[in-house]
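Here the structure is laid out as structure tokens; the discussion comes afterwards.
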Amino acid sequence: MKKLNRFKLTTLSLTAVMLAGLGQSTFAHTRLDVPTQTEGTRIINHMVIGHSCNENTRTIGTSVVFPDGVDSTILVDGQPHNGQLLDFLTNYGNNAQLLLNHSAFTAMDEKIVNGNVVGFWAGGGSGMPNNLNVATPFRLTAASINPTSCAKSVAIKISVADICEITGVNDFREGTVELWTHNDLGTPFDRVSATDDGPATLTIARNLATNPLPSACGEGVAVVVKPSAAQINRDMPIRVNGEQFWPK
Ligand SMILES: [Cu+2]
């Protein structure tokens, strides 16, 4: 009898802790564990899924896409830049290495285009319930900022789709998928949102001690890199050996 009471108490306090956690995670989007890295540094970062598609769903897979830097949109203090990404970053293109991790999903792989890792996916297994989080680990190298540029920071916009039900694009809706993507590219993967608040951002900060701004730069500029619509359409689907598993 005594034992039972203690068990009941423990269950009660566990429930209280879970409820408190639930309230918090409702507002947590899918974001990088470490959203800002100094240029040239390499760390093990994580893409953290903060909640499932809704309270009654489990996240059964995730698809992540980095702008490839080839046909990406580059904004400088909000204005389109007509040159190349090389004007601001000297070694961008193959900066991520997915780490094998079976904690949440049974299958995973990198997405490779022209020898570069442009994203990764993970899926399979019983998935993540709404009240827990998943942290997918990957080694991430922050590219170096071109010393001749005026960039004080370069924000890389990472698109993510967290999948709760495998559907075609026509059945993307509340409960089947969470799209942490741009709202204005014109792709089937676009987030429905009034503001462009979807993607997870990696901000690469200039190391002002070892790579000071040229004197002509003044305060420096903030650069943003977004994927093209063509790249999102190419790289967001999950394919294994050429066969597409999502969307379908
Ligand atoms: Cu959220």
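Some points to look at:
- Boolean, Ser52 is within 16 Å of the ligand (Cβ to nearest atom), assigned to a loop (DSSP other than H, G, I, E, B) and more than 20 Å from Ala230 (Cβ to Cβ): yes
- Test: residue in the range 65-76 that is within 16 Å of the ligand (Cβ to nearest atom) and aliphatic (A, V, I, L, M): no
- Unique match (being touching a strand residue (DSSP E or B) at 6+ places or on another chain (Cβ under 7 Å), hydrophobic (A, V, I, L, M, F, W, C), modelled with pLDDT of 95 or more and more than 26 Å from Arg42 (Cα to Cα)) among Ile238, Ile232, Ile204: Ile238
- The single residue among Thr176, Thr181 that is of a type in the set (S, T, N, Q), within 16 Å of Cys53 (Cα to Cα) and in contact with a helix residue (DSSP H, G or I) (Cβ under 8 Å, 6 or more places away or on another chain) turns out to be Thr181.
- Reported count of residues in the range 170-189, each being under 14 Å from Ala229 (Cβ atoms), acidic (Asp, Glu) and either touching a Ser or Thr at 6+ places or on another chain (Cβ under 6 Å) or within 16 Å of the ligand (Cβ to nearest atom) (or both), is 0.
- Scanning the range 35-59 for residues that are surrounded by fewer than 16 Cβ atoms within 10 Å (Cβ to Cβ), at pLDDT 95 or above and out of contact with any Pro (no Cβ under 7 Å at 6 or more places or on another chain) yields Pro35, Thr36, Thr41, Arg42, Ile43.
- Residues within the range 207-230 that are closer than 18 Å to His81 by Cβ and more than 21 Å from the chain's Cα centre (by Cα), tallied: 8
- For the range 60-166, the strands (runs of 3 or more DSSP E) that sit wholly inside it and include 3 or more residues that are crowded, with 19+ Cβ neighbours inside 10 Å and either among the hydroxyl-bearing types (Ser, Thr, Tyr) or touching a residue at least 60 places away in the same chain (Cβ under 8 Å) (or both) are 116-129, 134-141, 151-163.
- The range 206-233, residues that are touching a Leu at 6+ places or on another chain (Cβ under 9 Å) and of a type in the set (Ser, Thr, Tyr): Ser228
The values are calculated or read from the model by the stated rules, or taken from the named source; none is laboratory data. Just so you know, these numbers come straight off a predicted model, no measurement behind them. Using ideal geometry, Cβ is built from the backbone for each residue, glycine included, and neighbour counts are taken over all protein chains shown.
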